[in-house]
Amino acid sequence: MFLGIDIGSSSSKAVIINAQLKILGKAVFNTGAGTQGPEKAVGAAFREAGISGEKIKFSVVTGYGRMTYDKADKQITEITCHARGAAHMIPSARTVIDIGGQDAKVIRLDKDGKVENFVMNEKCAAGTGRFLEVMARILDCSIGNLSSLSENASEEIIISNTCTVFAESEVISQLSSGAKRENVAQGAHKAVAKRVAGLGSRIGLAPDVVMTGGVALNKGVVAALEKETGQKITVVENPQIIGAIGAALYAWETASKLS
Amino acid sequence: MDKNISSKQILNDMISRHYKEALEAKKSGERVAWATSIVPQELLETMDIKVVYPENHAAVLGARKDAPAFLRNAENNGYSNDLCSYARVNIGYANLKESAAGNIPMPDFIFCCNNICNTVIKWYENLAREMRIPMILIDTPFNHTFDVPGHSVKYIREQFNHAIGQLEQITGKKFDHDRFKEVMKISAETARWWKKATALAAAQPSPFNGFDLFNYMAVIVCMRGKQEGLDLFKLWAEELQGKIDRGEGPWKDQPEKYRVMWDGIACWPHLADTSKILRKNGINLITSTYPDSWTIVYDSDDLDAMARAYSSNYANRNLAYGAGNIVQIVKDFSLDGIIYHSNRSCKLMDFRQYEVQRQVQEQTGVASVIFDGDQTDPGAFSLAQYETRIQALMEMMEQRRNERLSRR
Ligand code: SF4
């Protein structure tokens with residue numbers, strides 16, 4: 001068995017696969033680096049797979065918290081792992097858009113699914129999950145409900161500030177001058193999409209474009225991204241665990257090379 | 001030069017002497033100039049004027065982690081946080097005049113050349129005005145054509161002549177044209193040896209040790225017109241050749257796995273961290289666009305050639321040159337990758353970075369990565385983000401190498 005762990009800034013994910021690359025266990029915990037999240041995710045994945053730690057031949061950790069996690073055999077960046085995971089799930093993928101809690105990245109893959117080039121957002125929360133969290137808080141709605149809220153939008157609202165702090169006050173003043181919450185929610189999705197589409201156009205979005213990461217669960221963002229980029233975007237099944245799947249695949253590959 | 005002393009020791013000694021002498025000269029009533037990093041220093045050297053280079057001084061303060069107080073001072077006085085951090089450090093220093101990391105004398109005049117960027121014009125105009133001192137400007141128009149056009153050469157040459165008159169007026173001394181020829185000769189020769197030494201990095205494994213380049217750069221900036229500078233580069237080249245002959249790589253305890261170039265200025269406040277992470281991944285930084293920036297080579301006694309040389313700096317030339325230059329570097333140094341520093345300070349260098357990266361990638365297929373940072377403002381850099389990008393670069397280089405090997 002092979003274990004992949006992805007420790008992000010706001011969530012921890014673990015995936016266990018067997019030598020036939022079948023997923024036996026998977027788990028997501030909504031706390032990330034510096035918390036008990038990674039332990040809990042790994043524990044839950046073990047329980048789902050119905051195995052214990054000794055059965056693991058090799059493990060790989062990825063994500064923002066990979067440097068400080070010392071229980072894995074190897075660490076690999078989230079860029080390489082997301083690419084691997086996405087290409088495994090959707091072999092025709094040539095572009096991967098991953099929006100996580102504190103960063104957004106666009107990765108170009110070659111025909112073998114290997115990383116050709118990538119861009120990440122500048123150190124700024126614009127275009128990331130954090131931006132959406134801030135917006136959800138102002139709108140007094142859970143992050144999970146932001147998408148359904150935006151479905152009832154009736155009018156286009158533009159959030160022009162890219163800086164999250166500025167955008168926050170911009171939205172507050174829009175709300176206080178009567179803007180509808182639904183419209184603001186949609187505006188927030190569009191703001192993220194604009195930003196990420198901008199990143200993408202720097203290296204070019206070659207089809208098929210695949211989206212991974214927790215924000216891919218938000219239909220509003222995906223729709224806005226399709227509109228911004230003019231491309232069809234395929235959301236991978238279980239987008240949150242794609243990085244961990246990639247890590248598990250590398251664990252399997254490394255172990256096969258070693259033996 | 002004593003053969004038992006290494007060029008590195010001489011280098012450090014030279015730089016501290018450079019600053020000490022400038023301070024002493026000022027005390028004894030000599031005139032001191034502040035100048036931009038790629039000025040026609042030949043004119044100043046001929047007049048025997050002590051020069052300090054605020055960009056180098058700001059880099060020193062940055063590396064010794066003393067920049068924030070000066071950055072803040074400039075910002076408190078109304079300069080935007082978006083202004084180049086070299087400018088902010090220097091403007092703050094002109095105000096506070098004292099740093100534990102090293103001091104420079106206040107200038108009697110400014111000698112400015114905009115072949116590196118146009119930020120320097122307003123930065124120094126403001127200082128000259130506040131200090132009520134003269135400013136000499138050599139204006140080198142940006143070259144939209146591939147080569148420096150004839151009219152620019154003429155325009156710049158005439159400014160050299162005009163500057164000579166201004167210098168005579170400021171110092172009350174006559175300009176000695178014979179001495180000028182001599183200085184031109186030494187300067188061009190120093191530049192040739194700088195180029196020769198830095199080109200030795202192309203050997204495999206490279207004799208360069210990571211950030212060596214950034215250290216030796218101080219001398220090509222500050223002492224280009226001096227015999228000692230020339231001697232230093234000759235010695236350095238000799239040492240490097242020795243390492244090549246003995247087959248020595250950059251590190252004693254680990255082999256050179258990947259060879260990269262660094263585009264842009266170093267992150268001085270994070271120099272140790274940024275280089276440690278490269279080393280951890282087996283990445284050796286062997287070159288940048290800097291070797292060529294100071295390869296100011298021309299036939300002595302030819303003012304036109306000198307004008308052309310000063311206008312030919314990488315930063316002052318068009319996109320085709322910029323991308324072509326890096327493509328050539330990738331080939332000459334057998335690079336595996338490129339690290340582009342998207343430097344918050346330097347709009348000029350960032351402006352075309354993505355397009356240069358795209359063109360270079362298209363033409364060479366070499367792996368590359370862009371990271372965000374700043375040359376002297378420690379706050380505009382995230383170590384974790386840098387590390388992830390460098391590691392991802394390493395993984396891309398590894399993948400490409402494995403593919404190459406498996407194809408054989
Ligand atoms: S860092 Fe860039 S903006 Fe600042 S002085 Fe140098 S060339 Fe000009």
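Assorted remarks:
- Excluding same-chain neighbours fewer than eight residues apart, the lysines reachable from residue B:26 by a Cα-Cα span under 30 Å are B:8, B:50, B:65, B:97, B:122, B:173, B:174, B:181, B:185, B:226.
- Helix A:129-138 vs. chain A, principal-axis angle (Cα, 0 to 90°, nearest 10): 40
- Taking the range B:181-259 and dividing mean pair separation by its residue count, relative contact order in percent (alpha carbons under 8 Å, at least six apart): 43
- Here the 3J(HN,Hα) profile of the range A:204-220, calculated from phi with Karplus coefficients 6.51, -1.76 and 1.60 at θ = phi - 60°, is x, 9, 8, x, 7, 9, 10, 10, 10, x, x, 5, 5, 6, 8, 5, x Hz, Gly and Pro shown as x.
- Computed from Cα atoms, the angle from the helix A:78-89 axis to the main principal axis of chain A rounds to 80 degrees.
- With R₀ set to 22 Å, the beta-carbon distance separating residue A:111 from residue A:20 gives a calculated FRET efficiency near 0.35.
- For the range B:340-375, residues shielded by at least 40 square angstrom of accessible area compared with the chain on its own, probe 1.4 Å: B:354, B:361, B:372
- Residue B:136 long-range amide H proximity, modeled H, under 5 Å: B:110, B:111, B:112
- Alpha carbon centroid spacing (whole Å) that separates the range B:314-365 from the range A:103-154: 30
- Distance between the 7 Å Cα→Cβ label points at residue B:21 and residue A:145: 7.4 nm.
- Residue by residue along B:384-391, Cβ atoms of other protein chains within 10 Å of the local Cβ number 5 on average.
- Sites excluded, trypsin sites (Lys or Arg not before Pro) in DSSP loops with at most 13 other C-beta within 10 Å, longest stretch of chain A: A:112-231
- Solvent-accessible surface of the range B:180-407, averaged per residue with a 1.4 angstrom probe and all protein chains in place: 35 square angstrom.
- The angle separating the long axis of helix B:212-222 from the principal Cα axis of greatest extent in chain B is about 10 degrees.
- A Cβ-based charge dipole, computed about the Cα centre of the protein assembly as shown with Lys and Arg at +1 and Asp and Glu at -1, lands at about 1220 debye.
- Put a dot 7 Å past the Cα of residue B:382, heading toward its Cβ, do the same for residue B:272, and the two dots end up 2.4 nm apart.
- Beta-bridge orientation, the protein assembly as shown: approximately 35 percent antiparallel, per DSSP, counting only bridges with both partners inside.
- Modelled FRET efficiency - R0 30 Å, residue B:121 with residue B:246, Cβ distances, 0.05 increments: 0.05
- Pairwise Cα separations in the range B:180-407 fall into 10 Å bins from 0 onward with the following percentages, short to long: 8, 31, 37, 20, 4, 0.
- Summed over qualifying helices (DSSP H, 4 residues or more, each -39500 (n - 2.57)) and divided by its residue number, chain A shows a 222 nm mean residue ellipticity of -13000 deg cm²/dmol.
- From helices alone, chain B scores -17500 deg cm²/dmol at 222 nm; the rule is -39500 (n - 2.57) for each run of n ≥ 4 DSSP H residues, then divide by the residue total.
- FRET efficiency estimate (nearest 0.05) - Cβ-Cβ, residue B:142 to residue B:334, R0 35 angstrom: 0.65
The values are calculated or read from the model by the stated rules, or taken from the named source; none is laboratory data. If you're wondering where the values come from, they're calculated on a predicted model, not measured in any experiment. A quick note on method: Cβ atoms are made from the backbone with ideal geometry, for glycine too, and the neighbour counts reach across all protein chains shown. To get the accessible areas, we keep the full protein, side chains included, count just its heavy atoms, and leave off ligands, DNA and RNA. Shrake-Rupley method; radii C 1.70, N 1.55, O 1.52, S 1.80 Å.
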